[in-house]
Every structure is written in C-alpha cells, then in structure tokens.
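Input: a single structure, listed below in structure tokens.
The values are calculated or read from the model by the stated rules, or taken from the named source; none is laboratory data. Not measured: the values here are computed from a predicted model. Backbone-built Cβ (ideal geometry, glycine too); neighbour counts: all protein chains shown. Accessible surface is based on the protein model in full, side chains and every heavy atom, while ligands, DNA and RNA are left aside. Shrake-Rupley method; radii C 1.70, N 1.55, O 1.52, S 1.80 Å.
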Amino acid sequence: MRKTSQEKEILKHQRRRRNNKIKLGLSSTLLIIIAIILIITYFNASKNEYNNYSEKAKVNYNVELKQNDFYPEDYDFENNTLIATLINNFDIYFNYNLTLDKEQEYTYSYKILAKTMVQNEEDNTSIYETTEELVNKEEHTSNSKNLNIIENLKINYDTYNDKINKFVNLYGLTDSNSMLELEMKVKVINKYDGTQINKEENVMTLTIPLTTKTVDISVGQNVVQDEGKILSKKSEYSEENLKYLLIIGIVVGIAGILVLIKFIKYLFETRSAETMYDQQLKMILFNYKNYIQQTNNKINEKDYKVIQINTFNEMIGLRDTIQSPILMYTVENERKTYFMIIKDGLLYTYLLGSNEIREELRKNAAQKKKK
C-alpha cells in the first residue's frame, strides 16, 4: 500500500526527531564523561602521599633514700608522701616513642632541661628561674619506622633543694612555691619537606616540689600522646599544568550540562505529535467513554451546517446542553479522530489529529523564537 503524503510527513518528522535526539544525547553524555575523566585525573594526579604517625611519651622514676632507721629499702613510695630530708636521689627514666606506618627518612635531636623555679603563691608569677641543660643529643638521621629514645638520669635532690632554700630564706619569701621541672624536648624533622613531625616539642615534664618538709611521691607529670600524618611524596605534576587540567574539565562539564539541558528541553518541545495524539485520545476515552458512541462511517458534512468546536471540553459542555450523544470516527492510517454531535441539521465537530497537533507545536515554537 502506498503511503499518503501525510504519512510520509509523519515518518520524516519522526526520523528527524530521532536523529536530533541521538545527536544531543550522545554529545551531552560524551562531554560529561570527558569532564568526569579530566576532573578525576586532576584529583588523582594532584594527590600527595602521606605517612601516618603516632607518638607516646612516658616518664618513670624511683626514689633513693638516705640511710635511716624508719623506712626499709623496699618501701613502696607510690601514692605516698615522704619526708623531704630523707630523699637522696630521684632515679628517672624518660621514654619517647614515635611510630611511622612506613619507612621514611627524618632527623631527630633532643635535650633534657632542669628548670629551678620560685613562683608567687598568689598568682604563680615567676620570682626566680634558672635553667640547666642535663642532656643535649645532636641531630641524627634515621629512616626507621620506630624511633625510641630512652634516657636514665639520677637527680640529686639536695643539690636543687639546698640552693632554692638558700634563696627563699635569704629574701624571706614565705608566700612562694618552689619546684624543679625536668623537661624532655624532642625535635623530629621530616627530611622530605623540612617540617617538624611532632607538633609539641616539649614531650614530657616531671615536676618535683622543693623547699617543702614533705614531698608527694605522686609527682606531677605531663606527657604527650598524639597522632597525625606527614608528607611522604608530593605530586609529580606541576600545579600550573594541573590547574589547566581542572579548568578544562570544568569547562567541558559545563558544556556537557548545557547540551543536556538543551536535550531535555528539545524532548519536551518536540514531543512526537503522534505520541501526543495517542495520549490525548486515550485520556478522552478513559474519562468520557460512556458519553461516546463509535461509528465506522464518516458523516457526510454536505448534509449539515458544520460548526467547528475548538476543544473536547467544549464538546462535553455542548453534549450536556443539547442532550445528544457524541459520535466518534477514527481514520487510523492518518492518526485522526472526529468527534461529532448532530442536532437540528447542525453538525458540531471537533477534530483531534496528529497533523493538527504538529502544526500547533510549530506555531508555538515560531512564536517563542520571535520573542
């Protein structure tokens, strides 16, 4: 069967719409995929490698007493108070540990200081302070995953206590606090970028009261415990090139989104007239099936005075007014349906057709372009 010119026009419109859909859909998809690849490449290429670390410090001590008739040698000093004049030495163990996830070259140095201080009891302001360097280890290089520093010092209590007692008594400082602070300072430097690995240089402090008749053996301690990460390898690519890669990715992505928006807009604006015809006809039959009588023969318009109706809703309103059935005649191969009401020699007719819908769509598109 030969196709009519109207059918040929319908097929031509469908082909053109399908080709445009494929072009826009593929273009938007391709651009967005390229943008995603470029942006992912940027983040991967600019990614630095890091090495996790953790650090812990610990200070332990024993008290050595002068010979006396009251305390046995194996006396348990923990959480007890001891007469100051019986203390001979503090045997102190400093232990600092830095652990890396993987081997990396670094330098380290450390020192232990003895700070002797006299402070105002009311506001803790300093009256007298002197610092002595007990240990000073110069810089060493290592690439071990585990850095463990252990130092054992024997501190003679009288050496520091007698000196501060002399100062306090000389100036009559009755409202003051005196103490000896032993500080361990550690500096670990990442050789890759020259930054300090441990955030706190002062990793542990042991505070021993001075000029008191008794000493609380639970001596004040302040030790560091921290974790973090350090730079182990920087991106091989220059920031300038990576910046251009990101900019190109963003521009391509924006272009892809704009084409996608155009694609979606095109789908709505150029919906198939045939599809719209099928949908509208289906909706009319679903909602008003009881009001419609289908006929296989087209009514001869020459026998009536024909009055064109613009919408199907007007046909429903007219049917309710004149109480006459709505007749429906469909021309399948042309995607066209006539709805008709006959009354007193008048033929009221409403035409639903794909060709008419297409013309309406073109008219609306032309008006939009003019605006």
Tell me yes or no: at least one residue of the stretch 146-165 is part of a strand (DSSP E or B), without any contact (Cβ under 8 Å) to a residue 24 or more places away in the chain and exposed (fewer than 14 other Cβ atoms within 10 Å of the Cβ).
no
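Which members of the stretch 125-140 meet the condition of being open to solvent by 80 Å² or more (accessible area, probe 1.4 Å) and touching a residue at least 24 places away in the same chain (Cβ under 8 Å)?
First, pick out the residues of the stretch 125-140 that are open to solvent by 80 Å² or more (accessible area, probe 1.4 Å): 129, 132-133, 136-140.
Hits for the stretch 125-140 are Asn136, Lys137, Glu138, Glu139, His140.
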If Asn222 satisfies all but one of (1) surrounded by 16 or more Cβ atoms within 10 Å (Cβ to Cβ); (2) within 26 Å of Asn95 (Cα to Cα); (3) touching a Ser or Thr at 6+ places or on another chain (Cβ under 7 Å), what's the number of the condition it fails?
(1)
Scanning the stretch 17-51 for residues that are free of Cβ contacts under 8 Å to residues at least 60 places away in the same chain, open to solvent by 100 Å² or more (accessible area, probe 1.4 Å) and not hydrophobic (A, V, I, L, M, F, W, C) gives Arg18, Lys23
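Among the residues of the stretch 241-300 satisfying the criterion of being of a type in the set (S, T, N, Q) and touching a residue at least 12 places away in the same chain (Cβ under 8 Å), which is surrounded by the most Cβ atoms within 10 Å (Cβ to Cβ)?
Keep residues of the stretch 241-300 that are of a type in the set (S, T, N, Q), which gives 241, 270, 272, 275, 279-280, 287, 290, 293-297, 300.
Subset that is touching a residue at least 12 places away in the same chain (Cβ under 8 Å): 270, 272, 280, 293-297.
Numbers: Thr270: 17, Ser272: 19, Gln280: 15, Gln293: 10, Gln294: 12, Thr295: 12, Asn296: 6, Asn297: 7.
For the stretch 241-300, the residue satisfying everything is Ser272.
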Cβ pairs under 6 Å, 6+ apart, first in the stretch 99-117 and open to solvent by less than 20 Å² (accessible area, probe 1.4 Å), second among the basic types (Lys, Arg):
Leu100/Lys145; Tyr106/Lys191
Is it true that some residue in the stretch 308-330 is open to solvent by 60 Å² or more (accessible area, probe 1.4 Å) and assigned to a strand (DSSP E or B)?
yes
